[in-house]
Amino acid sequence: MNSLAVRCGRGIWGALSLLLLAACSDNSMPEVEALVYEQAKSLSDFTLQDQNAQPVNKQTLQGQWNLVFLGYTSCPDICPLTLAKLKSVYNALHDEYPLQIWFLAVDPKRDTTAKRKAYIDYFNPDFLAVSGEHKDLFPLVRELGLIYAISDSDEPEYAVDHSASIAMVDPQGAVRAIFKPEFKQGSVPLINAKLLITEFKLIADHYK
């Protein structure tokens with residue numbers, strides 16, 4: 001084989017390699033600030049109760065995208081502020097994407113069914129306000145990639161430490177991403193609603 005043929009062969013393979021690399025890059029996940037799991041994290045089955053005293057489980061997550069936030073109805077700042085932001089997120093997305101917002105109440109001692117209903121109805125009665133015993137909550141929260149801690153205080157008023165992040169669960173009932181809050185000096189950690197909307201679309205479109 002002469003040198004010209006060798007050079008032509010190398011040129012062809014080089015061009016093919018570039019085309020393959022371009023195709024691969026087109027299929028890659030766009031860069032986002034959220035923590036995205038390339039392999040979605042499957043959730044174990046669970047049974048909790050919503051604000052209408054109806055059971056919810058893993059199947060309730062399936063068939064639509066879900067945004068899950070931890071909190072408690074006595075929370076003075078992060079919870080109501082985050083739910084207000086999630087209301088705007090929902091309004092911006094739900095016409096284009098099937099979406100459910102979950103408020104996972106991790107203070108079952110105080111967060112009764114009636115209290116959860118009154119609380120979530122203020123933001124959107126279509127949202128789910130779900131709770132249960134700690135033995136049922138802890139495993140689910142851990143698998144979602146979130147965390148909470150509650151004291152054994154006998155006092156009627158006490159604080160609950162919990163994540164300010166939001167888990168994105170896909171229509172198969174698996175965790176696809178975690179949206180982290182912004183930390184600003186002098187303010188409580190809160191999600192950036194505008195950024196969440198933008199990145200939700202990128203992630204949902206990529207993994208649809």
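Structure above, values below:
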| quantity | calculated |
| --- | --- |
| Members of the range 125-147 that are surrounded by 16 or more Cβ atoms within 10 Å (Cβ to Cβ) and either among the basic types (Lys, Arg) or in contact with a helix residue (DSSP H, G or I) (Cβ under 6 Å, 6 or more places away or on another chain) (or both) | Phe127, Ala129 |
| Residue under evaluation Ser163, criteria (1) under 18 Å from Pro76 (Cα atoms); (2) without any contact (Cβ under 8 Å) to a residue 24 or more places away in the chain, criterion not met | (2) |
| Some residue of the range 151-163 being touching a Phe, Trp or Tyr at 6+ places or on another chain (Cβ under 6 Å), under 17 Å from Val188 (Cβ atoms) and not hydrophobic (A, V, I, L, M, F, W, C) | yes |
| Any hit, the range 87-108, residues being in a helix (DSSP H, G or I), in contact with a Gly (Cβ under 9 Å, 6 or more places away or on another chain) and crowded, with 20+ Cβ neighbours inside 10 Å | no |
| Yes/no for Val175 being in contact with a helix residue (DSSP H, G or I) (Cβ under 7 Å, 6 or more places away or on another chain), in the same structural domain as Leu93 (by TED's automatic domain parsing), within 30 Å of Gln39 (Cβ to Cβ) and hydrophobic (A, V, I, L, M, F, W, C) | yes |
| Residue match in the range 60-68 (condition: closer than 14 Å to Ile191 by Cβ, in contact (Cβ under 8 Å) with a residue 24 or more places away in the chain, part of a helix (DSSP H, G or I) and hydrophobic (A, V, I, L, M, F, W, C)) | no |
| Candidates Lys184, Lys194, filtered to the one that is at pLDDT 95 or above and more than 27 Å from Thr47 (Cα to Cα) | Lys194 |
| Some residue of the range 149-160 being touching a helix residue (DSSP H, G or I) at 6+ places or on another chain (Cβ under 6 Å) and surrounded by fewer than 21 Cβ atoms within 10 Å (Cβ to Cβ) | no |
| Candidate set: the range 167-198, residues that are assigned to a loop (DSSP other than H, G, I, E, B), under 17 Å from Ala84 (Cα atoms) and not β-branched (Val, Ile, Thr); chosen: the one farthest from the chain's Cα centre (by Cα) | Ser187 |
| Among the residues listed as Ser42, Ser74, the single one being out of contact with any strand residue (DSSP E or B) (no Cβ under 7 Å at 6 or more places or on another chain) and of a type in the set (Gly, Ala, Ser) | Ser74 |
| Verdict on Leu81 being under 17 Å from the mean Cα position of the chain (by Cα), within 21 Å of Ala149 (Cα to Cα), at pLDDT 95 or above and of a type outside the set (Phe, Trp, Tyr) | yes |
| Residue satisfying condition, being in contact with a strand residue (DSSP E or B) (Cβ under 6 Å, 6 or more places away or on another chain), of a type outside the set (Asp, Glu) and under 16 Å from Val56 (Cα atoms), within set Pro139, Pro108, Pro181 | Pro108 |
| Identity of the residue in the range 127-171, hydroxyl-bearing (Ser, Thr, Tyr) and under 24 Å from Leu195 (Cα atoms), that ends up modelled with the lowest pLDDT | Ser163 |
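The values are calculated or read from the model by the stated rules, or taken from the named source; none is laboratory data. Not measured: the values here are computed from a predicted model. Cβ sites come from the backbone with ideal geometry, for glycine too, and all protein chains shown count toward neighbours.
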